[in-house]
Amino acid sequence: MSSDADAGRGRTAAANNGTSRRDELLTVAAKLFAARGYHGTRMDDVAEAVGLNKATVYHYYSSKSLILYDIYKSAADFTVEALHDDPTATARETIYHFTRRLLVGIANDLERAAVYFQEGPYIAEWFTEEQVAYIRRAETTVYEHVRDVIDRGIASGEFHDCDSHVLALGYIGMTLGAYRWLRPHGRRTAEEIAVEFSTALLRGLIRDEAVRTDSPLGIDIETGQRS
């Protein structure tokens, strides 16, 4: 019995080690791709930076494009996961919390966000049709969610009447492109920046002047609780 348990623990440890090594490879590769570009980075560079021989890197990833895809997939999955909503929240609360989660997440992994945008025009060259379809579905999910929340805010009277399609695209571009200017170790924390960015964004949407001036988010900014 104990030998079976020991074997099970050994397999679990090996699996965990494999996962952590893969994660380490992705982190290192994202830094290299962000700095040098995908084309400017070789598998040799990844191996050297992570402290492995190239054969070991190929054990985890049989091609450089698979590394890039996993970076892309993790970024896309994170963005979709950030969509989760409180069904009782107002449209402005939903926009606020989604924006905050996105900006804090981007600040925590600037290189991944940079790679996603820098290499975006070329993924059809490097990914399979199924891989491209997965990424596009995630992007469509995010766009439709943002558009629908804006439409909900317009319908409820919270937001000014506007073209939700155009605004959703602009919002996504501004928010996800924040990797260009976010400095998480600068004068202000990512959380503080996220609150200010979200507040400014919502003040341009909210119709009621009193709400816009007094409580633009419908929440207490300090506590994150609804007012």
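Figures for the structure shown
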quantity: In the stretch 196-227, residue modelled with the highest pLDDT [restricted to those that are in a loop (DSSP other than H, G, I, E, B) and of a type in the set (Ser, Thr, Tyr)]; calculated: Ser215
quantity: Single condition Glu158 does not satisfy, out of (1) within 22 Å of the chain's Cα centre (by Cα); (2) crowded, with 18+ Cβ neighbours inside 10 Å; (3) in contact (Cβ under 8 Å) with a residue 40 or more places away in the chain; calculated: (1)
quantity: Residues located in the stretch 55-92, provided they are modelled with pLDDT under 95, in contact with a Leu (Cβ under 8 Å, 6 or more places away or on another chain) and of a type in the set (D, E, K, R); calculated: Arg92
quantity: The stretch 52-84 - residue that is buried (at least 18 other Cβ atoms within 10 Å of the Cβ) and aliphatic (A, V, I, L, M) and, of those, nearest to Thr94 (Cα to Cα); calculated: Ala82
quantity: Residue check, Ala89 small (Gly, Ala, Ser), surrounded by fewer than 19 Cβ atoms within 10 Å (Cβ to Cβ), in a helix (DSSP H, G or I) and over 16 Å from the mean Cα position of the chain (by Cα); calculated: no
quantity: Residue identified as part of a helix (DSSP H, G or I), modelled with pLDDT of 95 or more and within 14 Å of the chain's Cα centre (by Cα) among Val104, Val115, Val146, Val132; calculated: Val115
quantity: Answer from Ile193, Ile172, Ile154, Ile123 - the residue that is hydrophobic (A, V, I, L, M, F, W, C), in a helix (DSSP H, G or I) and touching a Cys at 6+ places or on another chain (Cβ under 8 Å); calculated: Ile154
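The values are calculated or read from the model by the stated rules, or taken from the named source; none is laboratory data. These numbers come from a predicted model, not from an experiment. Methodologically, a virtual Cβ is constructed for each residue, glycine included, from the backbone with ideal geometry; neighbour enumeration extends over all protein chains shown.
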